[in-house]
Amino acid sequence: MTSLPTSTEKKLGLVIDLDTCVGCHACVISCKGWNTENYGAPLSDQDPYGANPTGTFLNRVHSYEVQPPNLKDGTQPAAQLIHFPKSCLHCDDAPCVTVCPTGASYKRSEDGIVLVNEQDCIGCGLCAWACPYGARELDADAGVMKKCTLCVDRIYNENLPEEDRQPACVRTCPSNARHFGDFADPESNVSILTRERGGFDLMPEQGTKPVNKYLPPRPKDVAPEFDVLAPYLEPIAADAKGFVGWLDKALNALPGGVN
Amino acid sequence: MHPAPSVILFTTFSGLGFGLLFWLGLGVIAPSGLSAFIWFALAYAMAVGGLFASTFHLGRPERAIKAFSQWRTSWLSREAIAAVATLIIMGIYALFALFGAHLKLVGFIGAIGAIATVFTTSMIYMQMKTVPRWRHWTTPALFLTLSIGGGALFAGQIVTTFLLFTAAAALQGYTWITGDSRLAQSGTDVKTATGLGHIGDVRAFEPPHTGTNYLMREFIHVVGRKHAQKLRMIALILGFALPVFFLNFHFNHMLALLAVISHIAGVLALRWLFFAEAEHVVGLYYGKR
């Protein structure tokens, strides 16, 4: 049924740290790797080795340039490059769920994960229209809607070692920019991170109440002009003596200027 | 939004078909025998043909029957139910009309069903918060005016057609004028999309991939907007001005046919613009509209 649950027992989701993300796309690859051979239809590629490759991804990393305003003295601060991973935010008020005509899209009342039952999906694409974040992609081969499952087949999977029972993107992130946990618990890792670092919602004005939170980049400190090698490149003998000293003076005396 | 031919054909012809069924159901024209067959065949060809075209938009059309289940929340599901219910009710009305009996109550319910079907179609678009241009009362108003206006033209109601076409053209003009600024007024921009606006000006620097993807194909449509202003004028002329001009003369079937063809071409152009000009907020993540 495509009605949303009034509340969910748990609110599982991700915290994504825009301060530490280095834009390596490892989460994109590990996500595709896990999800193309597990839950539901594979994540197909079209023309993968040709001139115009496209494919289905559940997680994509954008990069944005942010130019801070000029300082009071008129100098322009350096622009910042911020890498921005984006996947389903598992919204509390998910517009993608209620528009579904078949009941294929649903939000689980036990943990808040938004899923697609691919056996019921007719591939009308309306859920992707309703999502402001671009979190859903219609697979061109299977004709059904694909989206982040929060690796529902990993997080409860007792066949996996305990440290692997988290979403593939979180498990793989080399810069620890992705965190998985329960937002319904105020003392969970993700709740604490959100509270302490000022975690925010994407497009709050759309009223979707996303569960996933983003942590803002920390303010950049201004490093003084500093060169590690400079001390070693100083001339050892500033004033030459003996024959070299005479040569230096003699050459300086010639017309053509002093070097 | 990508102006998919299947959806343009669907909204145009289903709109006209249900518009004609509306007038037939109201009994404004009450044909019987062979002429009833021709009228209803025309209306059903457009309504059902449009619905059939819409299934080409589906990834798995063989499961389309499941779309009747979620009427509690989904406008698409409500549309499917309203369309099929209307076609069945008007089918009964048409069957009796063939033999000269006009069941007034059945026709009246069918006419309301036809209006409801067009309204549910328009609400699929109007409900999209992600497409600010559509999220406005003008979307259902325009869909309904175009549908019953086109239906009146098909039903040969010249004065009604003239009035409804005037209203539709005015409404369309108002929709364009107010719609052009609605994305900017929606409060959603790249700053709220990324949450980075507090640092400074945000610019999309690198997309996630070198090629295209489903989201960009479906939601970002830039090329065709170049000629939008010209197309708007052409659509208004073909859709409303020319048909009214043709109908001004003493009625004959040749002129009526020209009026109908011109109107269909105009509405197709309007629907193309309806999709091509609509900006989905996901484009903000790609620095495009």
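Before moving on, here are some points about what is shown:
- Chain A: angle of helix A:242-253 to the longest principal axis, Cα-based, in degrees nearest 10: 90 degrees
- Here's the list of aspartates and glutamates a cross-link from A:K209 could span, going by alpha-carbon distance under 18 Å and ignoring same-chain residues fewer than 8 apart: A:E9, A:D92, A:D93, A:E110, A:D111, A:D182, A:D185, A:D201, B:D189.
- Candidates B:G156, B:G17, B:G100, ranked by Gaussian network fluctuation over chain B, Cα under 10 Å, top entry: B:G100
- By the rule of a C-alpha distance below 17 Å, with chain neighbours fewer than 8 residues away ignored, the aspartates and glutamates paired with B:K226 are B:D180, B:E277, B:E279.
- Of the DSSP H helices in chain B, those whose Cα atoms cover at least 24 Å axially and whose Kyte score averages 0.0 or more: B:5-26, B:33-54, B:75-98, B:104-126, B:158-179, B:253-276
- Take every DSSP beta bridge whose two residues both sit in chain A; close to 90 percent of them are antiparallel.
- Computed over the protein assembly as shown, the range of Cα coordinates on each principal axis works out to 126, 71, 45 Å, biggest value leading.
- On the principal axes of its alpha-carbon atoms, the stretch B:28-131 has extents of 48, 25, 23 Å, going from largest to smallest.
- Computed [θ] at 222 nm, helices only, for the protein assembly as shown once each DSSP H run of length n ≥ 4 contributes -39500 (n - 2.57): -13500 deg cm²/dmol
- Extending 7 Å from Cα along the Cβ direction at B:T55 and again at A:D141 yields two label points whose distance is 2.6 nm.
- Over the C-alpha atoms of chain A, the Rg to Rh ratio, Rh being the Kirkwood estimate, stands at 1.25.
- Relative contact order (%) - criterion: Cα under 8 Å, at least six apart; region: chain B: 24 percent
- Using C-alpha pairs under 8 Å with a sequence gap of at least 6, the mean separation divided by the residue count of chain A gives a relative contact order of 26 percent.
- Net charge of Cβ neighbours under 15 Å - reference A:D47; Lys, Arg +1; Asp, Glu -1: -2
- Given +1 at the Cβ of Lys and Arg, -1 at the Cβ of Asp and Glu and no other charges, the dipole of chain A around its Cα centre is 340 debye to the nearest 20.
- Chain A: angle of helix A:26-35 to the longest principal axis, Cα-based, in degrees nearest 10: 20 degrees
- Compactness relative to 2.2 N^0.38 Å, alpha carbon Rg of chain B: 1.10
- Rounded FRET efficiency, nearest 0.05, which uses the C-beta distance separating A:E158 from B:D201 and R0 of 51 Å: 0.55
- Averaged over peptide A:134-140, the number of partner chain Cβ atoms lying within 10 Å of each residue's Cβ comes to 5.
- Estimated distance in nm for a label pair at A:K209 and A:L81, the labels positioned 7 Å out from Cα along Cα-to-Cβ: 3.9 nm
None of the figures in this text is laboratory data; all of them are computed from the coordinates on show. The structure displayed is predicted, hence computed values, not measured ones. Cβ coordinates were reconstructed from backbone atoms using ideal geometry, including for glycine residues, and neighbour counts include every protein chain displayed.
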